[in-house]
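The values are calculated or read from the model by the stated rules, or taken from the named source; none is laboratory data. Not measured: the values here are computed from a predicted model. Glycine also receives a Cβ, built like all others from the backbone with ideal geometry; neighbour counts cover every protein chain displayed.
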Amino acid sequence: MESRYNPADIEQKWQQVWNQHGLNRTSEDSSKEKFYALSMFPYPSGDLHMGHVRNYTIVDVIARLKRMQGYRVLNPMGWDAFGLPAENAAIERNIHPAKWTDQNIAQMRDQFNQLGISFDWDREIATCSPDYYRWTQWIFLEFFKAGLAYQKDATVNWDPIDQTVLANEQVDADGKSWRSGAIVERKQLRQWFLKITDYAEQLLTDLDQLTGWPDRVKLMQANWIGKSVGAYLEFPIMGMDEKVGVFTTRPDTVYGVTYVVLAPEHPLTQRVTVSDRRAAIDAFVQEVSTQTELERTAEDKPKRGIPTGGKAINPFTGEEIPIWIADYVLYEYGTGAVMGVPAHDVRDFVFAQQNELAIVPVIIPEGGDVATPLTAAYTEPGVLINSAEFDGMPSPNAKQAIIQKAEQAGWGNARIQYRLRDWLISRQRYWGAPIPIVHCPNCGAVADADLPVKLPEDVEFSGRGASPLAKLDAWVNVPCPTCGAPAKRETDTMDTFMDSSWYFLRYPDAKNDHAAFDRTKINDWMPVDQYVGGIEHAILHLLYSRFFTKVLRDRGLLKVDEPFQRLLTQGMVQGKTYKNPRTGKYVIATQIADLTTPIDPETGDKLEVVYEKMSKSKYNGVAPGDVIKKYGADTARMFILFKAPPEKDLEWEDADVEGQFRFLNRIWRLVTEFAPGSGIRVQGSLSKPEKELRRSIHIAIKEVTEDLQGDYQFNTAVSEMMKLSNALSDAAIKESPVYAEGIQTLLRLLAPFAPHIAEELWHLLGHTDSIHTQAFPMLDPAALVADEITIVIQVMGKTRGTIQVPAQADKATIEQSARESDAARRHIDGKEIKKVIVVPGKLVNFVIS
């Protein structure tokens, strides 16, 4: 049987065949157990990068494996197609976002097919399609009906030149606008929110259900939710009927409060400011409004503040304390105010020292000296001092006692608070799902149930001023759906996380024109059995998806509590990078004269050679198309899977790609040189070489199967296939049915990894059906039982050789065989043997004088 391994011809042929015969369509055979394999859908940027290749190859191997193991598999694909990049492209290229997005989708779909990814394209979705965002709008209205969607004033990023709101992604590290270059200001605007905080406790406690998630992802989510147990306390403002409310986890330190601090944006700031301080306060507030949240809260930045001149009263001590404002306090977090306890908080201690504020210690270590002066904040538990009736009480006990006193006196109460804030979903852009609300002067905010509320196509894109939708009078001005009075549409669009927070629910019923999904179908397929995506989505996307699932469950639309049963967060693909450590600039490899001792061609500096995430700006990217053109898609897949465990970062090495290409060529030669002979029915007694080869075959089946369970160790699975190919190459029984079994087993093990070459070779062996419809190899435990085993011979603990003994040999037989072996006799003959240690199945050790 002669042929030549030509990846391009083979891969193109089988991709066409699979598409023609619908091999990747989802089985509807309800007698089979379901398996929902899902990768995080991409933004249609136009070109796949190696991170895409890794993500989707991992899921494809899982999907193909599960089909061969008898599951009905759902492995769908779609596009996270709304968002700012498409709108920027409209401005820069003078092309409509829809056209630009459709072009990119078509290009990436072709690239996925080139890789042999077995997506069910019949279920393809794009979030920018009215057929999809109609149901995003419908889900928003479900939140609205449930009281979980509301409007309120919020602080946003404001470009003072372009006169528009900017997403956080549009603000650079220096706090400047992505487009105008202006210093971004913080401004209050009316925005739409979802009440995710209503589900904070569920989102936190249900992390315990996610036993198939990485611990670090669950920890990241728990920290983001940020549950704190403490007290809400109120400090009366002198000369006013109002109070400053604060939340604290350390009510045991309340007798040490010597000042309170408001966020500059706090409504009380202006009211508590005395007249001769107003100009200074206004200037400070204006200055802080130009800072980003990161700048204000960074640990390495000095904390700046000024006094308002107003005073509050510490109700526990009755003492007057000053009211300050400071840049490190954010109005969006907690109550927008904090109590200053400089003796027991590091930040407060520094702030008090800088501003000559009183520092009153109220907790000391157990057995500590009351008279010892503080040189730094003491932040540990201890015993209370200077705390009236609570003196001498351990601080854990004092927390409860002080909360009880606050509740009795009306000064506060116990409270649980979360770091998690309600989700701001408003975007003042065009390319997003319109929020289906009409604002009526009589009825207020009214749901627009005539869905979809379509994006108008005739839009001018300037990137300046209000949202393009706000400029379309004919689209904005509509009658109220309730009373018919003249009203106005909402011109904000939704955050793209809204689209990605439920897309996995659309796939099981992607063509449904009457509902977002059929409840029977969704309850059949959900939850997702295996979800794969980048660690960068560990918090927001995954948290929002969990939130959506719980809300829709509570609305009676589905049954599951959690959307994703198992989660795999794959590592990054890193490329070899040449960097000038002095200038920080990256250098293109082709511009370096000698890569063994790389020198910057411009400066003459010695370059660092490091592995960093592939990026155009670092000149270290490898285009998937180039690899496929040179080696084929199967080689690209095999390298991606073999180079590193899926959760670890992968360092791209051309030599390792070559190695996988050679491996596939070796398999090609093994199969094409093989004559099928009498088939693979193995029966009757086998010769010793046949038994040894069959044992190697079933060891490979056992190890590969175990590697593809749980944590999916694809790299070691490929290693096991390499061992089996070596055993087949070395076998001297190529006419045996056992050899035929080994060849066909190797191809079936390989099929999920390298689907094209496996399919081609399967047909070259005379099969007419697809290898991907075959059963994955099953282990025969009897084949693992060896007739003989290898025993190590040691003398005085030093290895001197090995012997073969019957697998069932007892200790006496093993010892006798060892004594008679040449390996032992060379070292024990003529010497006194003091002791013989026999470890069955492993070794014999002779202890001599």
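Residue pairs, Cβ under 9 Å, 6 or more apart or interchain, first in region 770-784 and crowded, with 17+ Cβ neighbours inside 10 Å, second in a loop (DSSP other than H, G, I, E, B) and hydroxyl-bearing (Ser, Thr, Tyr). List them.
What qualifies is HIS772/SER118.
How do the pairs read when you match residues in region 838-849 that are in the same structural domain as THR799 (by TED's automatic domain parsing) with residues anywhere that are acidic (Asp, Glu) and surrounded by 14 or more Cβ atoms within 10 Å (Cβ to Cβ), using Cβ under 9 Å and keeping only pairs 6 or more apart or on different chains?
VAL838/GLU815; VAL844/GLU815
Can you tell me which of (1) charged (D, E, K, R); (2) within 30 Å of THR672 (Cα to Cα); (3) touching a residue at least 40 places away in the same chain (Cβ under 8 Å); (4) surrounded by fewer than 20 Cβ atoms within 10 Å (Cβ to Cβ) is the one GLU741 doesn't meet?
(4)
Do we find that TYR544 is farther than 25 Å from LYS648 by Cα, within 17 Å of the chain's Cα centre (by Cα) and not in a loop (DSSP other than H, G, I, E, B) in this structure? Full working, then the answer.
Numbers: farther than 25 Å from LYS648 by Cα: yes; within 17 Å of the chain's Cα centre (by Cα): yes; not in a loop (DSSP other than H, G, I, E, B): yes.
Yes.
Please go through (1) within 27 Å of HIS537 (Cβ to Cβ); (2) part of a strand (DSSP E or B) for VAL609 and return the number of the only condition it doesn't satisfy.
(1)
Do you know which residues across region 165-178 are modelled with pLDDT of 75 or more and either touching a His at 6+ places or on another chain (Cβ under 8 Å) or under 16 Å from THR493 (Cβ atoms) (or both)?
Of everything in region 165-178, those that are modelled with pLDDT of 75 or more and either touching a His at 6+ places or on another chain (Cβ under 8 Å) or under 16 Å from THR493 (Cβ atoms) (or both) turn out to be VAL165, LEU166.
Could you check how many residues of region 801-841 are among the aliphatic types (A, V, I, L, M) and part of a strand (DSSP E or B)? If you could, list the steps in order and put the result at the bottom.
Of region 801-841, the ones among the aliphatic types (A, V, I, L, M) are 803, 805, 807, 809, 812, 814, 818, 823-824, 828, 833, 836-839.
Next cut, part of a strand (DSSP E or B) only: 803, 805, 833, 836-839.
Selection size over region 801-841: 7.
What number of residues within region 9-68 satisfy the criterion of being among the charged types (D, E, K, R), assigned to a loop (DSSP other than H, G, I, E, B) and either free of Cβ contacts under 8 Å to residues at least 12 places away in the same chain or within 23 Å of THR520 (Cβ to Cβ) (or both)? Spell out the reasoning first.
Here is the first cut: in region 9-68, the ones among the charged types (D, E, K, R) are 9, 11, 13, 25, 28-29, 32-34, 47, 54, 60, 64, 66-67.
If we keep only those that are assigned to a loop (DSSP other than H, G, I, E, B) too, we end up with 25, 28-29, 32-33, 47.
The next check asks that each one be either free of Cβ contacts under 8 Å to residues at least 12 places away in the same chain or within 23 Å of THR520 (Cβ to Cβ) (or both); those that pass are 25, 28-29, 32-33.
Residues flagged as among the charged types (D, E, K, R), assigned to a loop (DSSP other than H, G, I, E, B) and either free of Cβ contacts under 8 Å to residues at least 12 places away in the same chain or within 23 Å of THR520 (Cβ to Cβ) (or both) within region 9-68 amount to 5.
From the list VAL573, VAL587, exactly one residue is closer than 30 Å to TRP502 by Cα and either buried (at least 19 other Cβ atoms within 10 Å of the Cβ) or modelled with pLDDT under 90 (or both). Which is it? Break it down into steps so the answer makes sense when it comes.
On the way: VAL587 fails: closer than 30 Å to TRP502 by Cα.
From the options VAL573, VAL587, the qualifying one is VAL573.
Tell me which of these GLY245 doesn't satisfy, since it passes every other one: (1) crowded, with 21+ Cβ neighbours inside 10 Å; (2) in contact with a Ser or Thr (Cβ under 7 Å, 6 or more places away or on another chain).
It is condition (1) that GLY245 fails.
Residue-wise test of (1) within 23 Å of THR248 (Cβ to Cβ); (2) surrounded by fewer than 19 Cβ atoms within 10 Å (Cβ to Cβ); (3) touching a helix residue (DSSP H, G or I) at 6+ places or on another chain (Cβ under 9 Å); (4) among the basic types (Lys, Arg).
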position: ARG278; (1), (2), (3), (4): no, yes, yes, yes
position: LEU294; (1), (2), (3), (4): no, yes, no, no
position: PRO302; (1), (2), (3), (4): no, yes, yes, no
position: GLU320; (1), (2), (3), (4): yes, yes, no, no
position: ALA326; (1), (2), (3), (4): yes, no, yes, no
position: GLY336; (1), (2), (3), (4): yes, no, yes, no
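Restricting to region 190-242, name every residue that is surrounded by 13 or more Cβ atoms within 10 Å (Cβ to Cβ) and acidic (Asp, Glu).
Scanning region 190-242 gives ASP198, GLU201, ASP206, GLU234, GLU242.
So which of ILE833, ILE793, ILE789, ILE837 ends up being at negative phi, β-branched (Val, Ile, Thr) and buried (at least 18 other Cβ atoms within 10 Å of the Cβ)? Please lay out each step first, then the result.
Details: ILE833 fails: buried (at least 18 other Cβ atoms within 10 Å of the Cβ); ILE789 fails: buried (at least 18 other Cβ atoms within 10 Å of the Cβ); ILE837 fails: buried (at least 18 other Cβ atoms within 10 Å of the Cβ).
Matching residue, one of ILE833, ILE793, ILE789, ILE837: ILE793.
Starting from residues that are closer than 10 Å to GLU490 by Cβ and in contact with a Ser or Thr (Cβ under 9 Å, 6 or more places away or on another chain), keep the ones in region 430-445 and report whichever is surrounded by the fewest Cβ atoms within 10 Å (Cβ to Cβ). Lay out the reasoning, then the answer.
Quick first cut of region 430-445, residues closer than 10 Å to GLU490 by Cβ only: 434-439, 445.
Then drop every residue that is not in contact with a Ser or Thr (Cβ under 9 Å, 6 or more places away or on another chain), which leaves 434-435, 438.
Values: PRO434: 25, ILE435: 26, VAL438: 22.
Checked region 430-445; the qualifying residue surrounded by the fewest Cβ atoms within 10 Å (Cβ to Cβ) is VAL438.
Can you tell me which residue within region 446-464, out of those that are farther than 16 Å from GLY432 by Cα and in contact with a strand residue (DSSP E or B) (Cβ under 6 Å, 6 or more places away or on another chain), is surrounded by the fewest Cβ atoms within 10 Å (Cβ to Cβ)?
Selected residue: VAL446.
Can you tell me which residues in region 358-384 are part of a loop (DSSP other than H, G, I, E, B) and surrounded by 18 or more Cβ atoms within 10 Å (Cβ to Cβ)? Can you show your working first?
First, pick out the residues of region 358-384 that are part of a loop (DSSP other than H, G, I, E, B): 358-362, 365-382.
Selection gives ILE359, VAL360, PRO361, VAL362, ALA377, TYR378, GLY382.
Which count do you get for residues in region 457-485 that are more than 16 Å from GLN428 (Cβ to Cβ) and either touching a Lys or Arg at 6+ places or on another chain (Cβ under 9 Å) or not in a strand (DSSP E or B) (or both)? Full working, then the answer.
First, pick out the residues of region 457-485 that are more than 16 Å from GLN428 (Cβ to Cβ): 457-458, 473-474, 477-485.
Okay, now just the ones that are also either touching a Lys or Arg at 6+ places or on another chain (Cβ under 9 Å) or not in a strand (DSSP E or B) (or both), so 457-458, 473-474, 477-478, 480-485.
Adding up the residues that qualify gives 12.
Determine whether region 368-375 contains at least one residue that is without any contact (Cβ under 8 Å) to a residue 40 or more places away in the chain, touching a helix residue (DSSP H, G or I) at 6+ places or on another chain (Cβ under 8 Å) and not hydroxyl-bearing (Ser, Thr, Tyr). Can you show your working first?
Let us first name the residues in region 368-375 that are without any contact (Cβ under 8 Å) to a residue 40 or more places away in the chain, namely 368-375.
Pick out the ones that are also touching a helix residue (DSSP H, G or I) at 6+ places or on another chain (Cβ under 8 Å) and you get 374.
Checking which are not hydroxyl-bearing (Ser, Thr, Tyr) leaves us with 374.
Within region 368-375, one or more residues are without any contact (Cβ under 8 Å) to a residue 40 or more places away in the chain, touching a helix residue (DSSP H, G or I) at 6+ places or on another chain (Cβ under 8 Å) and not hydroxyl-bearing (Ser, Thr, Tyr).
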